[in-house]
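The values are calculated or read from the model by the stated rules, or taken from the named source; none is laboratory data. Bear in mind that the values here come from a model prediction, so they are computed numbers and not experimental data. Cβ placement follows ideal geometry from the backbone for every residue including glycine, while neighbour counts extend to all protein chains displayed.
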Amino acid sequence: MDQIEKRTPLFDLHVGLGARMVPFAGYSMPVQYPAGILAEHQHTRARASLFDVSHMGQVALRGDGAAAALERLVPGDVAGLAAGRVRYTLFTNDAGGILDDLMVTNGGDRLFLVVNAARKEHDLTYLRSRLDPRVVVEELADRALLALQGPGAAEALSGLSPEVAAMPFMSARLLEVAGIGCVVTRSGYTGEDGYEISVPAVRAEELARRLLARPGVAPAGLGARDSLRLEAGLCLYGSDIDETTTPVEAGLGWTIGKRRRAEGGFPGADIILRQLKEGPARLRVGLRPDDRAPARAHTQVTDRDGQPIGEVTSGGFGPTVNGPVAMGYVLSPYAAVGTPVRLLVRGTPREGHVAALPFVPHRYATSKGN
């Protein structure tokens, strides 16, 4: 018997807006609305779109030594994270592979984590089994998560909560948004400026409707979210990173700060730190087909002589660049930008080349806000 898909607190709103719902990570989620994926993508790049990301896992860590305890599971600098700041980091395993990628916020008396929907149960079990018993791990199942993304996001949200306009990138504040107590972070997954808003589930639809009523804001679904993050060169767990890829191979070595490189003390540290010093055997790169045929996930990458050198992990049409874009892993000697490759698209070799990431420049808020 098929497993019944869960619904986010915004399910009825999605259906009312005409969304096409699809199963994703155990949830029924909107892949697109009547405007279509292309229009939603372009609207996000030009104005602001509202995404439902309530399927993601929200977790609180409480107790003395929570930051030090979490540092034993991730290569990021958590102990040095200032109050009200957000950091992207990774759970790693003893082989240096990535168990999940996550956002960590220093909430003062607690840490807030946002983890991937498909890894939520795994991560909760992992945290509870590996952290010091004095650290309380609490799943915040009574909260929804909304993402407002695009160059118009600050103006739209500041109409409901004026303080957000001054927030710098990767910062967090406890604010009232339209009179609702929320945790707001200036972050997102599109390469654009924007915010993620953690809101009590019982008031999520109320807040979503208030945001959608703001000038320039429209709903967007999973389809646009995927094409936006691909253009921005951002990894999707389970596609571009997983337990078989290390942070260095994935081009995520920047997440490991100077102190953690010096001290180690996280799972897989020996392997990861050696790769940082010596270089990995393969690297995640951008790939551009030379024609209009997109190279999708699992497309084999070869050299000009037809010898296999890698594989595409994410690929599709990039509306902003008006052409096909892809990411994947290739052997390190072939990772230089401009290197010619061949892409076996449905068994037919097609010319392509290694391209710089991101395909579309990031437009995050500056350190001083807007």
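Got a sec? Which of Ser198, Ser239 is surrounded by 22 or more Cβ atoms within 10 Å (Cβ to Cβ) and out of contact with any Gly (no Cβ under 7 Å at 6 or more places or on another chain)?
Ser198
Exactly one of (1) surrounded by fewer than 21 Cβ atoms within 10 Å (Cβ to Cβ); (2) in contact with a strand residue (DSSP E or B) (Cβ under 6 Å, 6 or more places away or on another chain) is unmet by Gly253. Its number?
Among (1) surrounded by fewer than 21 Cβ atoms within 10 Å (Cβ to Cβ); (2) in contact with a strand residue (DSSP E or B) (Cβ under 6 Å, 6 or more places away or on another chain), the lone unmet condition for Gly253 is (2).
Among Ala95, Ala46, Ala25, which is the only one that is more than 29 Å from Val164 (Cα to Cα), assigned by TED's automatic domain parsing to the domain that holds Glu192 and touching a residue at least 60 places away in the same chain (Cβ under 8 Å)? Step through it out loud before you land on a result.
Details: Ala95 fails: assigned by TED's automatic domain parsing to the domain that holds Glu192; Ala46 fails: more than 29 Å from Val164 (Cα to Cα).
After ruling out the rest, the residue left standing is Ala25.
Please go through the stretch 307-317 and pick out each residue that is touching a strand residue (DSSP E or B) at 6+ places or on another chain (Cβ under 9 Å) and either within 16 Å of Val354 (Cβ to Cβ) or not in a strand (DSSP E or B) (or both).
Let us first name the residues in the stretch 307-317 that are touching a strand residue (DSSP E or B) at 6+ places or on another chain (Cβ under 9 Å), namely 308-317.
Residues satisfying the conditions are Pro308, Ile309, Gly310, Glu311, Val312, Thr313, Ser314, Gly315.
Just the residues that are assigned to a loop (DSSP other than H, G, I, E, B) and either among the basic types (Lys, Arg) or in contact with a Gly (Cβ under 9 Å, 6 or more places away or on another chain) (or both), please, taken from the stretch 152-177.
Within the stretch 152-177, Gly152, Leu160, Met167, Pro168, Phe169 meet the criteria.
So how many residues does the stretch 327-352 have that are crowded, with 17+ Cβ neighbours inside 10 Å and not hydrophobic (A, V, I, L, M, F, W, C)?
So in the stretch 327-352, the residues crowded, with 17+ Cβ neighbours inside 10 Å come out as 327-330, 334-335, 339, 341-345, 350, 352.
Remaining after also requiring not hydrophobic (A, V, I, L, M, F, W, C): 328-329, 334, 339, 342, 350, 352.
Qualifying residue count, the stretch 327-352: 7.
Let me confirm something: among Arg85, Arg134, Arg119, which residue is buried (at least 19 other Cβ atoms within 10 Å of the Cβ) and in contact (Cβ under 8 Å) with a residue 60 or more places away in the chain?
Values: Arg85 fails: buried (at least 19 other Cβ atoms within 10 Å of the Cβ); Arg134 fails: buried (at least 19 other Cβ atoms within 10 Å of the Cβ).
Of the residues listed, the single one that is buried (at least 19 other Cβ atoms within 10 Å of the Cβ) and in contact (Cβ under 8 Å) with a residue 60 or more places away in the chain is Arg119.
Answer yes or no: is there a residue in the stretch 45-58 that is more than 30 Å from Pro247 (Cβ to Cβ), assigned to a strand (DSSP E or B), among the hydroxyl-bearing types (Ser, Thr, Tyr) and in contact with a strand residue (DSSP E or B) (Cβ under 6 Å, 6 or more places away or on another chain).
Here is the first cut: in the stretch 45-58, the residues more than 30 Å from Pro247 (Cβ to Cβ) are 46-48, 50.
Then keep just the ones that are assigned to a strand (DSSP E or B); that gives 48, 50.
From what's left, among the hydroxyl-bearing types (Ser, Thr, Tyr): none.
For the stretch 45-58, residues more than 30 Å from Pro247 (Cβ to Cβ), assigned to a strand (DSSP E or B), among the hydroxyl-bearing types (Ser, Thr, Tyr) and in contact with a strand residue (DSSP E or B) (Cβ under 6 Å, 6 or more places away or on another chain): absent.
Please enumerate the residues belonging to the stretch 326-370 that are of a type outside the set (A, V, I, L, M, F, W, C), modelled with pLDDT under 95 and more than 20 Å from Gly316 (Cβ to Cβ).
Thr366, Ser367, Lys368, Gly369, Asn370
State the number of residues belonging to the stretch 305-338 that are among the polar types (S, T, N, Q) and more than 18 Å from Glu249 (Cα to Cα).
The initial filter retains those residues of the stretch 305-338 that are among the polar types (S, T, N, Q), namely 307, 313-314, 320, 322, 332.
Subsequent filtering for residues that are more than 18 Å from Glu249 (Cα to Cα) retains 307, 320, 322.
So the count comes out to 3.
Which numbered condition trips up Arg304, out of (1) basic (Lys, Arg); (2) crowded, with 20+ Cβ neighbours inside 10 Å; (3) not in a helix (DSSP H, G or I)?
So Arg304 meets the others, but not (2).
I'm trying to understand the selection: among the residues of the stretch 28-43, which are in contact (Cβ under 8 Å) with a residue 12 or more places away in the chain, of a type in the set (A, V, I, L, M) and in a helix (DSSP H, G or I)? Write out each step before concluding.
Step one: filter the stretch 28-43 for residues in contact (Cβ under 8 Å) with a residue 12 or more places away in the chain, giving 28-35, 37-38, 40-43.
Pick out the ones that are also of a type in the set (A, V, I, L, M) and you get 29, 31, 35, 37-38.
Matches in the stretch 28-43: Ile37, Leu38.
In the stretch 25-61, what residues are among the aromatic types (Phe, Trp, Tyr) and either within 19 Å of Pro151 (Cα to Cα) or surrounded by 22 or more Cβ atoms within 10 Å (Cβ to Cβ) (or both)? Spell out the reasoning first.
Initial filter on the stretch 25-61 (among the aromatic types (Phe, Trp, Tyr)): 27, 33, 51.
Selection gives Phe51 alone.
Go through the stretch 332-365 and count every residue that is of a type in the set (Gly, Ala, Ser) and assigned to a helix (DSSP H, G or I). Before you say what the answer is, go through the steps one by one.
So the first thing to find is which residues in the stretch 332-365 are of a type in the set (Gly, Ala, Ser), and the list is 332, 335-336, 338, 347, 352, 355-356, 365.
Subsequent filtering for residues that are assigned to a helix (DSSP H, G or I) retains 332.
Count: 1.
Go through (1) in contact with a Leu (Cβ under 6 Å, 6 or more places away or on another chain); (2) in a helix (DSSP H, G or I) one by one and return the number of the condition Gly286 breaks.
(2)
For the stretch 256-283, which residues satisfy the criterion of being assigned to a helix (DSSP H, G or I), under 20 Å from Cys235 (Cβ atoms) and touching a Lys or Arg at 6+ places or on another chain (Cβ under 8 Å)?
As a first pass, look at the stretch 256-283 and keep what is assigned to a helix (DSSP H, G or I): 258-263, 269-278.
With under 20 Å from Cys235 (Cβ atoms) added as a condition, the list becomes 260, 271-272, 275-276.
Passing the criteria: only Leu276.
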